[in-house]
Amino acid sequence: MMSELIKKAYEIAKEQYAAIGVDTDAAIAKMKNVNISLHCWQTDDVGGFETPDAELSGGGIQTTGNYPGKATSIAEMRADLEKVLSLLPGTQRLNLHAIYGDFQGEKVDRDQIEPKHFQSWIDWCKAQGIGMDFNASCFSHDKAADGFTLSSKNEENRKFWVEHVKRCRAISAEIGKQLGTPCVHNTWIPDGSKDTPIDRNGLRAILKKSLDEAMEIDYPKECMKDAVESKLFGIGAESMTVGSHDFYLGYAISRNKLICLDNGHFHPTEQVGDKISSCLQFIDEVLLHVTRPIRWDSDHVVTLNEDVQLIASEIIRNDFLDRVKIGLDFFDASINRIGAYVTGTRAAMKAFLIAALEPTSDLVKLEEAGKNFERLAMLEELKTMPFAAVWDYYCLQEGVATGMDYIAEIQQYEKDVLSKRG
């Protein structure tokens, strides 16, 4: 009964969109190219599996809340991820941090990790039919206790982190080779100063040197691609962050790397959506970490707000889907983690479908003719077009929960699975 109502609503919406020159079937088809990299750390509060019952913190990583049901093993994390994937339309990806290796109870320090420690994750992705991305974990470690990793003036520590990134890149190349889709390896570091530093230049010179050493080997781009991620400031690095946007944008342009734009890593008045077309004038590709900053980088669950919509619209309007890699980055432990995961991912996907339902060429014509009232009016009317009918139909086509039905599914999963943990 509900499926028939969804189909009827879609046919009405299809006619309404057609009246303004929008093909809803084509918009839905475009969503096949929207592949979101799902950040594994939402399931366990950035704990990882380096040691049993790992509870990592520090280095700018802070999760709030203690809602029951956190994943405490690889098996639990994979079960949670499978549940998330079952509630999302389209084909997504997995985004894994190095601390989530399958170490089989063995203590393996980060400068010793190898592809074998992630083979079971590769096999799992094969079974799911998805690609995988990877991240060096330059935080929550004794050799990062002073707040510095790749920019450290302690040569022993610096070399440790260089070796870690080298190994993560090699692992990424193997992941991409086996899965047949490029693995994006992202490098983010928490390095910075709590109080005003004197030698900013020296720290950034060291970071540049370390990155060059870590990325000395060129892997085939069909196997792996490098991204570098900036940050405005962090916990314990309030006065200066070594890896600023200016630093990494220059590095990405000069070294032909991806720049990772996290919309929580900028001043609250800056919009990442506005940066995409600027960066893509000078570099081949961009990596996104989509989150919802409250006041600043608090990594709240993504919602369908104006900032996220601008990001999606800029990508769709300019046909940038093949040049922008989309990932999420939030971790909320104050509510059901699976609910947060699915709600946030579906919100991001909705933004892309809304963008695909825009009569962009007509809006551009109005803009170029100086008809700014008409442009504004059309943008306002688009907000109340029957997008929800198209979204539900898309989900129905993909065989996943429509409307609010996923809420009950997650509640049942909590009752059957999450409530029995710990």
query = Which ones in segment 118-171 are hydrophobic (A, V, I, L, M, F, W, C) and farther than 14 Å from Asn95 by Cα?
reply = Ala127, Cys138, Phe139, Ala144, Ala145, Phe148, Leu150, Phe160, Trp161, Val162, Val165, Ala170
task = Spot the failing condition for Ala237; the list is (1) modelled with pLDDT under 95; (2) touching a His at 6+ places or on another chain (Cβ under 9 Å); (3) not polar (S, T, N, Q), and only one is missed.
result = (2)
message = Looking only at segment 182-211, how many residues end up being assigned to a helix (DSSP H, G or I) and either free of Cβ contacts under 8 Å to residues at least 40 places away in the same chain or touching a His at 6+ places or on another chain (Cβ under 6 Å) (or both)?
response = 3
Tally, over segment 80-114, of residues that are crowded, with 17+ Cβ neighbours inside 10 Å and either assigned to a helix (DSSP H, G or I) or touching a Leu at 6+ places or on another chain (Cβ under 7 Å) (or both) = 12
message = Every residue in segment 139-168 that is surrounded by 24 or more Cβ atoms within 10 Å (Cβ to Cβ) and under 22 Å from the mean Cα position of the chain (by Cα), please.
response = His164, Val165, Cys168
task = Report whether or not Asp262 is under 24 Å from Gly147 (Cβ atoms), modelled with pLDDT of 95 or more, among the charged types (D, E, K, R) and crowded, with 21+ Cβ neighbours inside 10 Å.
result = yes
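Which residues, taken from segment 308-348, are part of a loop (DSSP other than H, G, I, E, B) and basic (Lys, Arg)?
If the condition is that a residue be part of a loop (DSSP other than H, G, I, E, B) and basic (Lys, Arg), then Arg323 is the only one that fits.
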ask   = Within segment 342-400, which residues are surrounded by fewer than 16 Cβ atoms within 10 Å (Cβ to Cβ) and either among the basic types (Lys, Arg) or touching an Asp or Glu at 6+ places or on another chain (Cβ under 8 Å) (or both)?
value = Lys365, Lys371, Lys383
ask   = Filtering segment 265-282 down to residues that are surrounded by fewer than 18 Cβ atoms within 10 Å (Cβ to Cβ) and touching a strand residue (DSSP E or B) at 6+ places or on another chain (Cβ under 9 Å), which residue is modelled with the lowest pLDDT?
value = Pro268
inquiry  = Yes or no: segment 378-398 includes at least one residue that is touching a residue at least 12 places away in the same chain (Cβ under 8 Å), closer than 21 Å to Ala312 by Cβ, among the aliphatic types (A, V, I, L, M) and not in a helix (DSSP H, G or I).
reply    = yes
request  = Filter segment 301-332 down to residues that are polar (S, T, N, Q) and within 18 Å of Val286 (Cβ to Cβ) and give me whichever is surrounded by the fewest Cβ atoms within 10 Å (Cβ to Cβ).
outcome  = Asn318
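Scanning segment 287-309 for residues that are of a type in the set (Val, Ile, Thr) and modelled with pLDDT of 95 or more, which turns out nearest to the chain's Cα centre (by Cα)?
Out of the qualifying residues, it is Val290.
The values are calculated or read from the model by the stated rules, or taken from the named source; none is laboratory data. A quick note: this is a predicted structure, and the numbers were derived from the prediction, not measured. Heads up, the Cβs are rebuilt from the backbone with ideal geometry, glycines too, and the neighbour counts pull from every protein chain shown.
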